[in-house]
Amino acid sequence: MKISVVGTGYVGLIQSVGLAEFGFEVVGIDIDETKVKQLNKGKSPLYEEGLEELLKKHVNKNLTFTTSYEPIKDSDVVFLCVGTPQDNEGNADLRFLFSAVEKMKDYLDEKYRVIVIKSTVPVGTNRKVKEFLKGYNVDVVSNPEFLREGIAVYDFFNPERIVLGFEDLSNKKPIEIMETVYKYFKEKNVPFIITNWETSELIKYASNAFLATKISFINELAKLSDKVGADIKTISYAMGLDKRIGDKFLNAGIGYGGSCFHPDEILFVDFGDGLECMTFKELFDKLSKDNKRCVKVLSVNKNLKLDLVNLKLITKRDYSDDLIVLKTSMGREIKITKDHPVVVLSGDKIQVKLAENIKEGDEVILPTGEFGNNDVITIDVLEEIKNTPLIEKTFLNNKNMVLNEFENIRTYLSNKYIHDVKKSGTVKAKDMLPIRSILNKYNYNSNRLFTVRSKSTTIPSKIKIDGDFARLIGYYLAEGWISEDGKKNGAIRKRIGFSFGAHEKEHINDVKNILNKLGIKYIEKIRNGSHSIIISSKLLAYIFEEVLKCGNNCYNKQIPPQIFNSPSDIKWEFLKGILRGDGCIVKLNNNKNLVIEYGTVSKKLANSLLLLLQSLGIVASLKRCYNNKSTTLTYIIRINGLNQVKKIGELFGDKWSNYKKITDRYKRNIKPIGYKKFDNYVSLKVKSVEREYYDGEVYSVETDNNLLISSYGLLIHNCFPKDVKALIKQFENNNIEPILIKATDKVNEEQIKWFFEKIKGYYGNLNGKTFAVLGLAFKPNTDDLRESRAIKLIDMLLDSGAIVKGFDYVEKARENTINMYKLNKSKVFYGYNLYVLDDLYEAVKDVDGIIIATEYDYNKEDWKKIGNLVKEKVIFDGRNVLDVKKVKKLGFKYYGVGRR
């Protein structure tokens, strides 16, 4: 049998190599000439474990690729696997599919062929394709794919089901051909779903929508839990114990969003101001409050060079199982779920393996290269504080500006005595907001901002992040702090300080020169061998803490987003400041060799510094340890290798002159150890794969290219299967309010009404009719009647004049039902039109219909006996629990929920 596969993307390429592995002669067809050439060389454009091996095994043997549709002439089966992206309105764009069908027409003759649509298409598409091919000797088959990214090859050979949709199930010819194509799966006893076109198409969408519903439901519920103080973990666990739901129901099951990150793992996020180091939990919490902003995360481009891509989705779930801890050379590590796809290097090719299948010696990837805008950034202080309480306390002084522009600004002044403004040259900062264009006429260094009338400390209205200020930021992260204290009058004072050793004259003078250049006053304190420079300024503290997001103590510091967005020369100036402040040059091997070290207790600072170095081509190692009996984990970043040490050593200024001679005496160029270098990335070897039991929340993300940079700069695969996330994204793209829980409740209420109308529709008038309602509690094996569907149904029946005979296997449930109706006289007189019986067979005696309301296993009962007891053999199965064939054979009419 000869097979053509049109489209060699994610689905088509895997379909092609899979069918070739089964022994078929396969031709892959694609309009991309470059891709076809690569495929014919055995090079796969996709990162899937085992894909390239299969490709190389069969290419140019029983598998070839071409841009021509001519091979369709000789094909018995043609698989259509072209893309069906969303259009601007969120609908599937079928242009590529119908374009392929149109091209295919030229090669269809009188020979019979089966056309198989494997692309994800809306309901009705197979029927339209058949109409499009009217007059041709073809049958069209719907065969949706259910592949999981990262393990798609495995999924192809180990499907959970094969779904096949046909126009006419009495036409056995296409069914037999498809069973021949998938004979391998038949022999493995994989379930085959043989159905019509529409059902097959809807199975695909229903599967995706159901997973999206589960994810959305638990996330919506988490918001309510947070609001009322409930524990979503306990709720999820408790829900998972319900057999109707199960733990896999909430956790999305194998293949549906199961792969996730530990909440404390890192990713690098850009909200528009530059790259910010965040944990997965922090990002989720932030976007839960504000998900309307465009978010990018650090990933790679097609050449594996660092680059930014769109974040499409983030979610969380509960997890109770082993996590995999991958530890690599150079001290990198990451903690992920067992089924998380990991990007690994095999030779010079990229593959993806599940975390639990990673072995010692496997190579993971550390991408390099600069990214982002790389523009010089200027901080507009007024813009940054205009929506904060600081604006009410901030003044602006520029006497020349006030004198020259007084007539233009006077109408905006809120001062009681506006001529005082002219004398002092000082205005309220908020008064200048509507006319800020006036300020642009003057040097921003002359527009001075302050919060204390005495003007003891002022800062420029704009601060340019040039090399000097970048160094100041570096000094702050290494040696700086922010303190807050109160005055006698209740006012709060904020101070920003830098502390050096008294001997570090070069660094002290550098900081002072930068502050002097900015016109910022400071005081100096020298005692016990330390030299501190202190600035009392709420505004400057706000800039460092909130705008630059530097943190305010040694535990929460990180590199500002703005530094990542700056040109490379400014990044190097920043490194000068941070390394001079807290870096050290260490002699090794009897003073024959050098390494450079930087230590911090901030995990975010360690991550962001490693990444910054990585982007500049410097690959450092990382060591975690507890120093001097400390209980706080310290991160030590170490730079080795002659070229790297010399490049970084020069940043230390005068201090480097004491060490440069050692590098000059190196007898050979010692290369860094622990990694292999390529053009745009380096590879690290996995040193150990450990398992660690974890019970808590895990987080999943989805990006444009399915890849992201995570903790310590490692390239990692994302989590979700694409169809599910695409479906969720449709809701988000259309700005639909997430009202799923409300909708779920509404559907629940409407469902019982719908089922009641089905009963009413059968009889017409229910008045005087007698029904046996089997099951009274809200679920089996309980006596709890709260939210019981059976009780709601009984009430509707009674209101319609029917007589109800209730039964439940649990005695207490029967008692509670009797007591409830006896107490509520307004509802019914118990014993007149409502009876609760202890025996099921007594309950069904002489009834006009049997209603199953609770999901017990009623198949064990004697339905032949029941048939002899009832007045009319009619069953309304509200739980779809009965063996339909069995009861129909006994003469019962059966009505289920979506089931006949």
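Counting helices only, and only those DSSP H runs with n ≥ 4, report the 222 nm mean residue ellipticity of the chain as the sum of -39,500 (n - 2.57) divided by its residues, in deg cm²/dmol to the nearest 500.
-10000 deg cm²/dmol
If the cut-off is a Cα-Cα distance under 13 Å, which aspartates and glutamates reach LYS587, setting aside same-chain residues fewer than 8 apart in sequence?
LYS587 reaches GLU597.
So if R0 is 30 Å, what FRET efficiency would GLU392 and CYS294 give, r being the distance between their Cβ atoms, rounded to the nearest 0.05?
It comes out at approximately 0.45.
Dimensions of the chain along principal axes (Cα, Å, largest first)?
Computed over the Cα atoms, the extents are 103, 79, 62 Å.
On C-alpha positions alone, give me the angle between the axis of helix 399-409 and the longest principal axis of the chain, in degrees, nearest 10.
Relative to the chain, helix 399-409 is tipped by roughly 50 degrees.
When the distances between all Cα atoms of the range 2-206 are binned every 5 Å from zero, what whole-number percent does each bin get?
Each 5 Å bin holds this share of Cα pairs: 1, 7, 16, 21, 22, 17, 11, 4, 0.
Rounded to the nearest 10 degrees, what's the angle between the helix 789-799 long axis and the longest principal axis of the chain, both from Cα atoms, 0 to 90?
Roughly 50 degrees between the two axes.
Hand me the GluC sites (Glu not before Pro) from the range 265-357 located in a DSSP loop with no more than 11 other Cβ atoms within 10 Å, in residue order please.
Passing sites in the range 265-357 do not exist.
Can you compute log10 of I(q)/I(0) for the range 290-409 with the Debye formula, treating each Cα as one identical point scatterer, at q = 0.09, 0.17 Å⁻¹?
-0.53, -1.10
Taking only the alpha-carbon atoms of the range 394-456, what semi-axes of the equivalent ellipsoid follow from 5 times the gyration tensor eigenvalues under a square root, in whole Å, largest first?
For the range 394-456, the ellipsoid semi-axes come out as 15, 14, 11 Å.
Could you go through the range 646-651 in sequence order and give the Karplus-derived ³J(HN,Hα) for each residue, using 6.51 cos²θ - 1.76 cosθ + 1.60 with θ = phi - 60°, rounded to whole Hz, and x for Gly and Pro?
Computed from phi, the couplings for the range 646-651 are 5, 5, 7, x, 5, 6 Hz.
Quick one: length gained pulling CYS584 to VAL123 fully straight, 0.36 nm per residue minus the C-alpha distance?
Residue separation times 0.36 nm, minus the Cα-Cα distance, leaves 159.4 nm.
Stretch LYS43-SER800 to full length: gain in nm at 0.36 nm per residue minus the Cα-Cα span?
Net length gain for the segment: 265.5 nm.
Enumerate by residue number the chymotrypsin sites (Phe, Trp or Tyr not before Pro) in the range 394-440 meeting two conditions: DSSP loop (anything except H, G, I, E, B), and at most 13 other Cβ atoms within 10 Å of the site's Cβ.
TYR417
Report the convex hull volume per residue for the range 310-375, counting only C-alpha atoms, in Å³.
Convex hull of Cα atoms, per residue: 156 Å³.
Points 7 angstrom from Cα along the Cβ direction at GLU198 and ARG95: gap in nanometres?
2.9 nm
Kindly state, to the nearest 0.05, the FRET efficiency for GLU861 paired with ARG691, given R0 = 35 Å and r defined as their beta-carbon distance.
Working: r = 47 Å, r/R0 = 1.36.
Working from the Cβ atoms, E equals 0.15.
Give a quick list of chymotrypsin sites (Phe, Trp or Tyr not before Pro) in the range 626-660 that DSSP marks as loop, anything other than H, G, I, E or B, with at most 13 other Cβ atoms within 10 Å.
Here the chymotrypsin sites (Phe, Trp or Tyr not before Pro) that fit, given the DSSP loop and packing criteria, are TYR626.
So what's the convex hull volume per residue for the Cα atoms of the range 489-630, in Å³? All intermediate terms of the calculation are to be shown ahead of the outcome.
Working: hull volume 25.1 nm³, N = 142.
So the per-residue hull volume is 177 Å³.
Report, in whole Å, the centroid distance computed from the Cα atoms of the range 485-552 and the range 838-871.
Centre-to-centre distance over Cα atoms comes out at 84 Å.
For the chain, what relative contact order do you get, as a whole percent, if you take Cα pairs closer than 8 Å and at least 6 residues apart?
Relative contact order, the chain: 11 percent.
If packing is taken as the average number of other Cβ atoms within 10 Å across a peptide's residues, how do 601-614, 360-373 rank, most packed first? Intermediate values should be presented prior to the final figure.
Numbers: 601-614: 22.9, 360-373: 18.9.
By packing density, highest mean first, the sequence is 601-614, 360-373.
Please find the FRET efficiency linking GLU102 to ASN374, where r is the Cβ-Cβ separation and R0 is fixed at 56 Å, and quote it to the nearest 0.05.
0.75
Give, in nm to one decimal, the length gained when the segment between PHE678 and LEU616 is fully stretched (0.36 nm per residue of separation minus the Cα-Cα distance).
Length gained, PHE678 through LEU616: 20.9 nm.
Taking the highest mean first, how do the peptides 763-770, 14-21 order by number of other beta carbon atoms within 10 angstrom per residue? Please report the intermediate quantities before stating the final value.
Values: 763-770: 14.9, 14-21: 24.9.
By packing density, highest mean first, the sequence is 14-21, 763-770.
Considering only Cα-Cα distances, which of the following residue pairs are longer than 26 Å: LYS188/LYS349; LYS525/LYS603; LYS61/LYS359; LYS286/LYS386; LYS305/LYS647; LYS393/LYS549? Don't skip to the answer; put the middle values down first.
Numbers: LYS188/LYS349 32 Å; LYS525/LYS603 30 Å; LYS61/LYS359 32 Å; LYS286/LYS386 22 Å; LYS305/LYS647 22 Å; LYS393/LYS549 22 Å.
Over 26 Å apart, Cα to Cα: LYS188/LYS349; LYS525/LYS603; LYS61/LYS359.
Return the sequence-ordered ³J(HN,Hα) values of the range 387-393 in whole Hz as given by the Karplus equation 6.51 cos²θ - 1.76 cosθ + 1.60 applied to θ = phi - 60°, using x for Gly and Pro.
9, 10, x, 4, 4, 6, 10
Every read-out reported here was derived from the displayed coordinates using simple, explicitly stated rules and does not represent laboratory data. Just so you know, these numbers come straight off a predicted model, no measurement behind them. A quick note on method: Cβ atoms are made from the backbone with ideal geometry, for glycine too, and the neighbour counts reach across all protein chains shown.
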